């Protein structure tokens with residue numbers, strides 16, 4: 001039940017100003033979040049705190065993530 005409540009809150013945070021970001025973030029949430037490690041979950045949550053232009057630049061590989069865990073999460077998001 002705890003994961004369900006957590007993903008519900010995250011689903012709301014996945015609603016961005018850009019439809020493309022909505023799709024990418026929600027896809028990661030639906031397909032990978034439940035099996036992600038605690039570090040990957042934390043990295044995903046940090047990504048959701050970023051402004052849309054910065055998050056998009058990271059997803060499009062125009063910027064590089066600060067750490068390997070975040071880059072791993074971004075790689076999964078790019079698969080979409």
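Quick note: the coordinates plus some simple rules give every number you see, no bench work behind them. This one's a predicted model, so the numbers in the text were calculated from it and none came from an experiment. Glycine also receives a Cβ, built like all others from the backbone with ideal geometry; neighbour counts cover every protein chain displayed.
General remarks:
- As a rough footprinting exposure proxy, the listed residues 10, 50 were ranked by other beta carbons within 10 Å of their own, and the order from fewest upward is 50, 10.
- Helical contribution to [θ] at 222 nm, DSSP H n ≥ 4, -39,500 (n - 2.57), averaged over the chain, rounded to 500: -21000 deg cm²/dmol
- Nearest-ten-degree value, helix 38-48 long axis tilted from longest Cα axis of the chain: 60
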